[in-house]
Amino acid sequence: MASAERSDDRPRLRWQDSLWGIGVIALVVGVGVRLVLGGVSAWPSAVLGTVPLAVWMVWWVRRRRVRDARAVGTEPDDVPAMERRILKGGPAPRDPGERRAMAALVDSRQRKLRRNRWWAFPMPALIFFGTSALWFSSGSVGAGSLMLGLAVVFMGWLTWYHLRFDRRLSRMRDRLRS
């Protein structure tokens with residue numbers, strides 16, 4: 001494995017965080033899903049149809065990183081390492097500049113998390129539970145039950161993940177203050 005340090009004392013990007021890594025992962029997953037749904041004989045259309053999706057995903061991730069870096073006052077390549085440090089519960093950085101940048105990233109993430117809370121939970125709940133109700137009303141008890149189970153599991157997971165992410169952001173904020 002390559003060294004975890006760059007010459008300017010910033011952590012090196014992991015291959016999963018690099019833009020080419022994200023593009024390859026998106027391409028492989030997209031082609032895999034399309035091959036499962038369309039059959040193995042449809043591989044040319046699966047590859048050609050997934051390339052624009054992978055390019056769009058790389059563009060979207062790059063745009064998000066640049067905006068986050070601009071908002072917190074750091075380099076775009078530093079954002080994934082900062083996010084990983086927050087999510088893994090790592091120690092707060094010692095450098096005052098890094099502490100300010102991480103505090104700004106934590107504040108930005110919590111603001112986004114709480115700003116979208118009013119619609120981010122009711123919308124999937126409406127979609128999943130509404131679809132289940134439609135299946136039941138059409139007389140398909142099996143599909144309605146399956147969708148209801150999926151809705152309960154997905155909404156439970158979404159709530160758990162949201163609370164976990166918010167708790168980790170709050171813990172990092174506390175570590176940055178001390």
**Asked** Taking segment 45-66, which residues are β-branched (Val, Ile, Thr) and surrounded by 14 or more Cβ atoms within 10 Å (Cβ to Cβ)?
**Response** Val47, Thr50, Val51, Val58, Val61
**Prompt:** Regarding Trp135, is this residue modelled with pLDDT of 85 or more, in contact with a Gly (Cβ under 7 Å, 6 or more places away or on another chain) and open to solvent by 80 Å² or more (accessible area, probe 1.4 Å)?
**Reply:** yes
**Asked** For segment 103-119, how many residues meet the condition of being surrounded by fewer than 14 Cβ atoms within 10 Å (Cβ to Cβ), in contact with a helix residue (DSSP H, G or I) (Cβ under 9 Å, 6 or more places away or on another chain) and among the hydrophobic types (A, V, I, L, M, F, W, C)?
**Response** 0
**Message:** Residue under question is Arg168, and the condition is that it be touching a Leu at 6+ places or on another chain (Cβ under 8 Å) and either closer than 22 Å to Asp17 by Cβ or modelled with pLDDT under 90 (or both); does it hold?
**Reply:** yes
**Message:** I need every pair where a residue in segment 26-45 that is without any contact (Cβ under 8 Å) to a residue 12 or more places away in the chain and farther than 24 Å from Trp59 by Cβ has its Cβ under 9 Å from the Cβ of a residue that is among the polar types (S, T, N, Q) and assigned to a helix (DSSP H, G or I), sequence separation at least 6 or different chains.
**Reply:** Gly38/Ser45
**Tally of residues being over 18 Å from the mean Cα position of the chain (by Cα), surrounded by fewer than 15 Cβ atoms within 10 Å (Cβ to Cβ) and farther than 24 Å from Ala104 by Cα across segment 147-178** = 4
**Prompt:** From the set of residues in segment 74-104 that are outside any helix (DSSP H, G or I) and not acidic (Asp, Glu), which is modelled with the lowest pLDDT?
**Reply:** Gly90
**Message:** I'm trying to understand the selection: among the residues of segment 67-102, which are of a type outside the set (D, E, K, R), open to solvent by less than 30 Å² (accessible area, probe 1.4 Å) and in contact (Cβ under 8 Å) with a residue 40 or more places away in the chain?
**Reply:** Pro80, Ala81, Ile86, Ala92, Met102
**Message:** For a quick check of your reading of the model, give me the residue pairs whose first member lies in segment 113-132 and is outside any helix (DSSP H, G or I), whose second is surrounded by 12 or more Cβ atoms within 10 Å (Cβ to Cβ) and not β-branched (Val, Ile, Thr), with beta-carbon atoms closer than 9 Å and at least 6 apart or on different chains.
**Reply:** Phe121/Met155; Phe121/Leu158; Phe121/His162
**Fill in**
Residues in segment 19-37 that are open to solvent by less than 50 Å² (accessible area, probe 1.4 Å) and in contact with a Ser or Thr (Cβ under 8 Å, 6 or more places away or on another chain) total 3
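The values are calculated or read from the model by the stated rules, or taken from the named source; none is laboratory data. Model, not experiment: these values are computed from the prediction. Methodologically, a virtual Cβ is constructed for each residue, glycine included, from the backbone with ideal geometry; neighbour enumeration extends over all protein chains shown. For the accessible areas, the whole protein counts, side chains as well, though only heavy atoms, and no ligand, DNA or RNA atoms are used. Shrake-Rupley method; radii C 1.70, N 1.55, O 1.52, S 1.80 Å.
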